[in-house]
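K.L.:
If you scroll down you'll find the structure; I have some questions about it.
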Amino acid sequence: EFDELETRERDRNDMEVYVFLRALSVAEYLFCSTKHSLRIAGIRDLLPNLIKPALYNVIPDIQAAGVRLLGVYGLLHRPTAVTHCEFVHTLLQNSEDEAIQAVALQVLLDYCMVFGLTVLDDASQRRNDANPSALAVGGDAHGKEDANRQEDEEDEEETTLRDEIWMELLGHVYSDVDALRNTAVEGFCKLIFNGVTDDPTVFALLTCHFFHQTGGDPQTLKQVLSVFFAAMSRCSGRNLLALCQEAIVVAVGALADNKEKASIYPCFRFMLNLIDEQCALQQAVVLETAAGDEPTEKAGAAAPDRRAIHARVAVLLLEEMEEDVPVGILREMAKCLGILEVGMDDAAVVARMQELAEIVGKKFRARADQTLMRKFQERLESLASAASGKEDEETDEGADDVSQPDVAASMSRAKARLAADAGEQGARPTRKLHTAKAKAVHVDTSPALEAPPRDRSSGRGGGGGGRPA
């Protein structure tokens, strides 16, 4: 009898769990399909009657379904999402169930995707407004503080909370839990692709993750990131070019910090190919625009200079190599320098690259590494000579402009001297001079009379091109 009662109790509990989960599933479908807002009482009443009991249920499956339903409920109304953002973040930090953490992470990323990153700022502000005495309690413990000190601490607390939420989301990109890592990577790909964030650190982390994946199922993330980069290269335009310029060295630095020597060169080459591809696409757009109605000068000014971008990347990479980096990492970075096609007319930038290259070159001991750096320095020397030659040409052009008035004055003096010499001669030379002027006028004006084109078949002009009597 005891076993039978236990079996009935377990079956009844299973039925209650099934009914609860089924009700949560129907409510989630309702929230996803409705066109109404939370002004409808029937929708608004589901929060206290269904969502909150699920959130505080002891069964993890019901609690995870409740968190998912709370996320969909918040997407109907931005202030509701701001109100529950801190609660979801607390679940993400403190829950011991991985499924609940994954759902909470998905909810926060969905809030950022739909409402923008300002939802995190508003959640931080709401927390500070709801706890105005938090700093005052600390003041009673450590003595009274002035109002300016309290205001500074409030601003610091607000900024720290926003950064804390953002860093919590970023930290799960390299989580050991497959569900958290996959959710974070996919969510940040959506945020960057839709322009919600243009943080180069996020783009650099995704690129590093594409080349260096630890644990779990790497094929799933490889597929997600492959689709993401392919879509970005086709649709983003200047956004991708700006992201790659700032993120390429950040990615190399992150891999260097993690001692991932084998992934540095492939990652750098991949992002450099993205830069070159975007430059080529935008150059094609500029040429197509120049062939249309818009002025060529305006279109040419918007075209990116690929060699100048390579030069800026080289400066950033050399500054990274100047730090305390192991020799093996330095060797990989030197290989990255070798594929850059630097080109810069600014002599100051070239001088900066030469200075950094000389400092970095002293760190190498192997002959192959020294040869690689020497080749790069030779290219910099040719760039420096070209930049100095361009400056000399500009100086010479300026000198030519200054000397033009002197040439004009000399010609004026020569003409006056010839006129004075002609005035001293007799009447006959004067008549010859007037005859020459008349012939010159006749020669200059005669082509204007032959307006119709010459008839090549008859060999005669169309307007009587013979000499006048």
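K.L.:
Does Thr197 fit the bill of being in contact (Cβ under 8 Å) with a residue 40 or more places away in the chain, in a helix (DSSP H, G or I) and polar (S, T, N, Q)?
P.N.:
The answer is no for Thr197.
K.L.:
May I pose another question? With the requirement that a residue be open to solvent by 50 Å² or more (accessible area, probe 1.4 Å) and either touching a Pro at 6+ places or on another chain (Cβ under 7 Å) or not basic (Lys, Arg) (or both), what does segment 10-27 give you?
P.N.:
Asp11, Asn13, Asp14, Met15, Glu16, Tyr18, Val19, Leu21, Ser25, Val26
K.L.:
A follow-up question, please. Is it the case that segment 56-68 has a residue that's under 23 Å from Asp198 (Cβ atoms), at pLDDT 90 or above, among the acidic types (Asp, Glu) and open to solvent by 50 Å² or more (accessible area, probe 1.4 Å)?
P.N.:
no
K.L.:
Further question: Output the residues belonging to segment 317-327 that are at pLDDT 85 or above and open to solvent by 20 Å² or more (accessible area, probe 1.4 Å).
P.N.:
Passing the criteria: Glu319, Glu320.
K.L.:
If we only count helices (runs of 4 or more DSSP H) wholly inside segment 35-95, which ones have 3 or more residues that are within 17 Å of Gln106 (Cβ to Cβ)?
P.N.:
60-74, 78-94
K.L.:
Please go through segment 7-55 and give me each residue that is under 42 Å from the mean Cα position of the chain (by Cα) and of a type in the set (Ser, Thr, Tyr), ordered by number.
P.N.:
Ser25, Tyr29, Ser33, Thr34, Ser37
K.L.:
Are any residues in segment 246-265 open to solvent by 50 Å² or more (accessible area, probe 1.4 Å) and in a helix (DSSP H, G or I), and if so, which ones?
P.N.:
Selection gives Glu246, Val250, Asp257, Lys261, Ala262, Tyr265.
K.L.:
Is it fair to say Ser133 is at pLDDT below 85 and either open to solvent by less than 10 Å² (accessible area, probe 1.4 Å) or within 30 Å of Glu28 (Cβ to Cβ) (or both)?
P.N.:
no
K.L.:
Whether any residue in segment 91-110 is charged (D, E, K, R), surrounded by 13 or more Cβ atoms within 10 Å (Cβ to Cβ), at pLDDT below 90 and at negative phi is what I want to check.
P.N.:
No, that holds for no residue.
K.L.:
Please indicate, with yes or no, whether at least one residue in segment 207-215 is open to solvent by less than 50 Å² (accessible area, probe 1.4 Å), modelled with pLDDT under 90, on the phi > 0 side of the Ramachandran plot and not in a helix (DSSP H, G or I).
P.N.:
no
The values are calculated or read from the model by the stated rules, or taken from the named source; none is laboratory data. Nothing here was measured: the structure is a model prediction, and the numbers come from that model. Methodologically, a virtual Cβ is constructed for each residue, glycine included, from the backbone with ideal geometry; neighbour enumeration extends over all protein chains shown. Ligands, DNA and RNA are excluded from the accessible area calculation, which covers all protein heavy atoms including side chains. Shrake-Rupley method; radii C 1.70, N 1.55, O 1.52, S 1.80 Å.
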